[in-house]
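Chemist: Take a look at this one; I'll ask things after.
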Amino acid sequence: MEDWKNPLTPIWWIAGTLLLFSVLLLFIIVLTKKYVNRIKKEEQQKATLQIRHNEKLLNNSIEIQEKERTRIAADIHDELIGQLRRIQLMNDDESLSDPIKNSIGTARRISHDLTPPLLQESLLGDLFQTILSPMNSLFIIDFYVSENSKIIIPEKTKINIYRIFQEVITNIDKHANASQIFIKLRVSNRFVFLSVKDNGIGLPSHKNKGLGMKNISLRTKQLNAQFKFAPNIPQGTKFTLLYKQNEYN
């Protein structure tokens, strides 16, 4: 009972109570921190899984596109062109000779557009020329290429760059109302750089959401590259693509 009369006793009780609360508070803080860290870790894992899932869908989407293009190209080459050639051999009407010949040429061009022949063996510049050749009668084309034949680009990388270029040229042909196209392609040990400029009316804003633009974006993401559409001075549109060489394979 005399301890209660000690003036220090209440102080010790208060100090003990504060110490107990401090320990409890510290315990709660530690538990809360662990819980928050666990939640963050789970969210990061979910985000990583979602990114991997999206990448898988992206790869599958492009793979399906290429398989379908290959199938259609084979059908055109084996079936349609074959039938046209048989008609050509059976034809006795001179007035139909040129239309049949032109139809065979058109079918062959479409087949090559769908699946470029000798993809792995060809340089990017040569593949681009197959896209540009039919355009020579429609546009003044200035095509500058700097490419070393010893630099090997993986087939998947090459087909994606080819498809992106094909889409850009198709957009110019359909929408730009241009008369000139200026193209620069540089392939080095460090990067692939592509620049396409036209002197047309520019890229309408609603075309930024079109299927062609989505296809360009899709393939650029698979490459982990960077692309940009911008006004071309004094008129037209400029497209640039930068793909770093160290991201090959």
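Chemist: Which residues, taken from segment 79-101, are part of a helix (DSSP H, G or I) and not hydrophobic (A, V, I, L, M, F, W, C)? Give the derivation first.
Modeler: Just the residues of segment 79-101 that are part of a helix (DSSP H, G or I), to begin with: 79-90, 94-101.
Matches in segment 79-101: Glu79, Gly82, Gln83, Arg85, Arg86, Gln88, Glu94, Ser95, Ser97, Asp98, Pro99, Lys101.
Chemist: Could you give every pair whose Cβ atoms fall below 6 Å, whose first residue belongs to segment 183-204 and is more than 16 Å from Ala230 (Cβ to Cβ) and surrounded by fewer than 21 Cβ atoms within 10 Å (Cβ to Cβ), and whose second residue is at pLDDT 85 or above and not aromatic (Phe, Trp, Tyr), counting only separations of at least 6 or pairs across chains?
Modeler: From segment 183-204, the pairs are Arg186/Ser146; Phe191/Lys244.
Chemist: Against the definition (surrounded by fewer than 18 Cβ atoms within 10 Å (Cβ to Cβ), over 24 Å from Gln226 (Cα atoms) and touching a Ser or Thr at 6+ places or on another chain (Cβ under 7 Å)), how does Ile140 come out, yes or no? Step through it out loud before you land on a result.
Modeler: Working: surrounded by fewer than 18 Cβ atoms within 10 Å (Cβ to Cβ): yes; over 24 Å from Gln226 (Cα atoms): yes; touching a Ser or Thr at 6+ places or on another chain (Cβ under 7 Å): yes.
Taking the combined requirement at face value, the residue satisfies it.
Chemist: Among the residues in segment 17-30, are any at pLDDT below 70 and part of a helix (DSSP H, G or I)? Give the derivation first.
Modeler: The initial filter retains those residues of segment 17-30 that are at pLDDT below 70, namely none.
No, segment 17-30 contains no residue that is at pLDDT below 70 and part of a helix (DSSP H, G or I).
Chemist: Given the condition touching an Asp or Glu at 6+ places or on another chain (Cβ under 7 Å) and either at pLDDT 85 or above or outside the structural domain of Lys158 (by TED's automatic domain parsing) (or both), answer yes or no: does some residue in segment 185-194 qualify? Lay out the reasoning, then the answer.
Modeler: We begin by selecting, within segment 185-194, every residue touching an Asp or Glu at 6+ places or on another chain (Cβ under 7 Å); these are 185, 187.
Cutting the leftovers down to either at pLDDT 85 or above or outside the structural domain of Lys158 (by TED's automatic domain parsing) (or both) gives us 185, 187.
Looking for residues that are touching an Asp or Glu at 6+ places or on another chain (Cβ under 7 Å) and either at pLDDT 85 or above or outside the structural domain of Lys158 (by TED's automatic domain parsing) (or both), one finds at least one in segment 185-194, hence yes.
Chemist: Considering only residues that are in contact (Cβ under 8 Å) with a residue 24 or more places away in the chain and of a type outside the set (D, E, K, R), look in segment 99-111 and name the one that is surrounded by the most Cβ atoms within 10 Å (Cβ to Cβ).
Modeler: Filtering segment 99-111 down to residues in contact (Cβ under 8 Å) with a residue 24 or more places away in the chain leaves 107-111.
Narrowing further to those that are of a type outside the set (D, E, K, R): 107, 110-111.
Values: Ala107: 18, Ile110: 15, Ser111: 21.
Filtering segment 99-111 for residues that are in contact (Cβ under 8 Å) with a residue 24 or more places away in the chain and of a type outside the set (D, E, K, R), the one surrounded by the most Cβ atoms within 10 Å (Cβ to Cβ) comes out as Ser111.
Chemist: When the residues of segment 107-124 are filtered to those that are assigned to a loop (DSSP other than H, G, I, E, B) and out of contact with any Leu (no Cβ under 6 Å at 6 or more places or on another chain), which remaining residue is farthest from Glu68 (Cα to Cα)? So that I can check it myself, show each step before the final result.
Modeler: Looking only at segment 107-124, we keep the residues that are assigned to a loop (DSSP other than H, G, I, E, B), and these are 115-123.
The next check asks that each one be out of contact with any Leu (no Cβ under 6 Å at 6 or more places or on another chain); those that pass are 115, 117-123.
Details: Thr115: 10, Pro117: 16, Leu118: 18, Leu119: 17, Gln120: 19, Glu121: 22, Ser122: 22, Leu123: 24 Å.
Out of the qualifying residues, it is Leu123.
Chemist: Quick check, is Leu96 over 15 Å from Arg163 (Cβ atoms), out of contact with any strand residue (DSSP E or B) (no Cβ under 8 Å at 6 or more places or on another chain), surrounded by fewer than 16 Cβ atoms within 10 Å (Cβ to Cβ) and of a type in the set (A, V, I, L, M)? Outline the logic, then answer.
Modeler: Working: over 15 Å from Arg163 (Cβ atoms): yes; out of contact with any strand residue (DSSP E or B) (no Cβ under 8 Å at 6 or more places or on another chain): yes; surrounded by fewer than 16 Cβ atoms within 10 Å (Cβ to Cβ): yes; of a type in the set (A, V, I, L, M): yes.
When the stated conditions are applied, Leu96 passes them.
Chemist: Quick one: which residue in Ile62, Ile104, Ile72 is in a helix (DSSP H, G or I), under 30 Å from Ile131 (Cβ atoms), modelled with pLDDT of 75 or more and within 27 Å of the chain's Cα centre (by Cα)?
Modeler: Details: Ile62 fails: modelled with pLDDT of 75 or more; Ile104 fails: within 27 Å of the chain's Cα centre (by Cα).
Residue meeting the stated conditions: Ile72.
Chemist: If you don't mind, another one. Sort out which residues of segment 91-142 are within 17 Å of Asp198 (Cα to Cα) and hydrophobic (A, V, I, L, M, F, W, C), and write them in order of number.
Modeler: Those that are within 17 Å of Asp198 (Cα to Cα) and hydrophobic (A, V, I, L, M, F, W, C): Phe128, Ile131, Leu132, Met135, Leu138, Phe139, Ile140, Ile141.
Chemist: Let me ask another. Has segment 125-135 got any residue that is hydroxyl-bearing (Ser, Thr, Tyr), more than 20 Å from Gln65 (Cα to Cα), in the same structural domain as Leu211 (by TED's automatic domain parsing) and touching a residue at least 40 places away in the same chain (Cβ under 8 Å)?
Modeler: There is no residue in segment 125-135 that is hydroxyl-bearing (Ser, Thr, Tyr), more than 20 Å from Gln65 (Cα to Cα), in the same structural domain as Leu211 (by TED's automatic domain parsing) and touching a residue at least 40 places away in the same chain (Cβ under 8 Å).
The values are calculated or read from the model by the stated rules, or taken from the named source; none is laboratory data. Bear in mind that the values here come from a model prediction, so they are computed numbers and not experimental data. All Cβ positions, glycine included, derive from the backbone under ideal geometry; neighbour counts span all protein chains shown.
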